[in-house]
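A short reminder: the numbers here are calculations on the coordinates, not readings from a lab. No experiment lies behind these values; they were computed from the predicted model shown. Virtual Cβ from ideal backbone geometry, glycine too; neighbours counted across all protein chains shown.
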Amino acid sequence: EVADDVLEHDPTLARLEARVAELLGLEAALWTPTGCMANLIALMIHLKRGDRFLAPEQAHVLGSELGTAAWIAEGMPHALPWDGGPGRPSAEAVTRAAGRPGPYFNLRTTLLCLENTHNFAGGAVIPVAEHRALVGAAKAAGLRVHVDGARLWHAATALGCGLPELTAGADTVQVCLSKGLGAPMGSLLCGSRETVAEARRCRKMLGGGVRQGGVV
Ligand SMILES: *Cc1c(COP(=O)(O)O)cnc(C)c1O
């Protein structure tokens with residue numbers, strides 16, 4: 001069953017979005033053709049021009065998205081060391097890099113991007129307690145949190161936990177259907193209803209609004 005997803009919302013895509021939002025324990029979700037687009041939309045929503053964002057060294061948003069975080073989302077990337085283990089920054093590293101709000105002429109850091117599992121660290125998993133500590137450090141510093149969960153399903157399986165434990169406190173989460181899940185294409189960007197409504201606008205701006213999307 002399909003309709004026009006740009007106009008009235010394709011019912012099959014709508015069901016997929018509702019199902020994934022529920023699985024992840026978030027309010028809403030938006031299907032995108034690729035994970036790169038879902039990550040980029042998240043950065044577009046979270047960052048204002050010149051804002052700095054933090055991500056672990058060799059994160060997909062830093063090294064594998066061709067600079068779109070800077071070019072389109074207008075953010076300034078900052079890599080965090082793997083001082084908590086392979087692919088994993090410590091909560092202290094987040095606090096240190098985030099700094100404190102200062103006068104208007106200070107550089108502003110507003111977002112932490114986590115990657116679970118971390119692909120270029122060999123699929124390294126962030127355990128639940130560590131996820132909580134990282135999010136806690138980010139929130140204490142006034143940062144928003146985006147989780148690049150291209151393989152979040154694999155992290156949950158490895159840890160034997162539920163997906164919501166790995167999305168707790170995150171403002172947005174990106175999950176891929178096309179990697180280990182084996183679907184031919186597609187990702188979902190999940191977050192609050194308000195965020196997903198804004199994401200739907202951004203997806204259209206990037207040319208990612210599809211018509212009879214239910215076929216995929
Ligand atoms: C593959 C991948 C993406 C992007 O997905 P595409 O669908 O290839 O654009 C994002 N993050 C990570 C960690 C990935 O491995």
Sum of -39500 (n - 2.57) over DSSP H runs of 4+, divided by residues of the chain (222 nm, nearest 500): -10500 deg cm²/dmol
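Only four residue types carry charge here, +1 at the Cβ of Lys and Arg and -1 at the Cβ of Asp and Glu. Report the dipole size of the range 66-216 about the Cα centre in Debye, rounded to the nearest 20.
Details: 15 positive and 10 negative charges, 86 e Å.
So the dipole magnitude of the range 66-216 works out to roughly 420 debye.
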Relative contact order %, the chain, counting alpha carbon pairs below 8 Å whose residues are six or more apart: 30 percent
Amide H contacts of Arg144 (H built 1.01 Å from N, under 5 Å, at least 5 apart or other chain): Leu111, Leu112
Segment Met76-Leu7, length gained on full extension (0.36 nm per residue, minus Cα span): 21.4 nm
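Would you mind ranking His46, His78 by Cβ crowding within 10 Å, fewest neighbours first? Don't jump to the answer; show the numbers that get you there.
Values: His46 23, His78 14.
So the residues, fewest neighbours to most, are His78, His46.
Looking at the range 118-205, what % of its DSSP beta bridges pair antiparallel, to the nearest 5? Mind dumping the intermediate values first?
Values: 6 of 10 bridges.
Percentage antiparallel, nearest 5: 60.
DSSP loop (so not H, G, I, E, B), at most 12 other Cβ within 10 Å: list which chymotrypsin sites (Phe, Trp or Tyr not before Pro) in the range 82-159 pass both filters.
Values: sites: Trp82, Tyr104, Phe105, Phe120, Trp153; in loops: Trp82, Tyr104, Phe105.
Passing sites in the range 82-159 are Tyr104, Phe105.
In the neighborhood of Phe53, defined by Cβ-to-Cβ distances under 13 Å, what is the net charge if each Lys or Arg adds +1 and each Asp or Glu adds -1?
On the way: positive: Lys48, Arg49, Arg52, Arg108, Arg144; negative: Asp51, Glu65, Glu74, Glu115, Asp148, Asp171.
It works out to a net charge of -1.
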With Cα atoms, 0 to 90° folded angle of helix 193-205 axis to the chain main axis: 70 degrees
Helix axis angle, 128-140 relative to the chain longest principal axis, alpha carbon, degrees: 70 degrees
For Ser187, distant residues with modelled amide H under 5 Å away: Thr32, Thr34, Leu177
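Within 10 Å, count the other beta carbons around each residue, average over each peptide in 51-61, 203-213, and list them highest first.
On the way: 51-61: 21.9, 203-213: 16.3.
Top of the packing list down: 51-61, 203-213.
Please report the equivalent ellipsoid semi-axes of the range 41-138, computed as sqrt(5 x eigenvalue) of the Cα gyration tensor, largest first, in whole Å. Spell out each step's value before the answer.
Numbers: eigenvalues 93, 58, 21 Å².
So the equivalent ellipsoid measures 22, 17, 10 Å along its semi-axes.
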Cβ-defined net charge surrounding Leu159, 14 Å radius [Lys, Arg +1; Asp, Glu -1]: +1
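For the range 1-89, take the convex hull of the Cα atoms, compute a quarter of its surface area, and give me that in nm², please. Mind showing how you got there, number by number?
Working: hull surface 29.8 nm².
Projected area, direction-averaged: 7.4 nm².
When you count, for each residue, the other Cβ atoms within 10 Å and take the mean per peptide, how do 126-133, 141-148, 110-117, 65-72 rank with the highest first?
Working: 126-133: 18.1, 141-148: 23.4, 110-117: 26.2, 65-72: 15.4.
Those peptides, ordered most packed to least, come out 110-117, 141-148, 126-133, 65-72.
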For Ala73, residues with placed amide H under 5 Å, excluding near neighbours: none
Net +/- balance of residues flanking Gly123 in space, Cβ distance below 14 Å, scoring K and R +1, D and E -1: +1
Between 0 and 90°, nearest 10: helix 11-24 axis offset from the chain longest Cα axis: 30 degrees
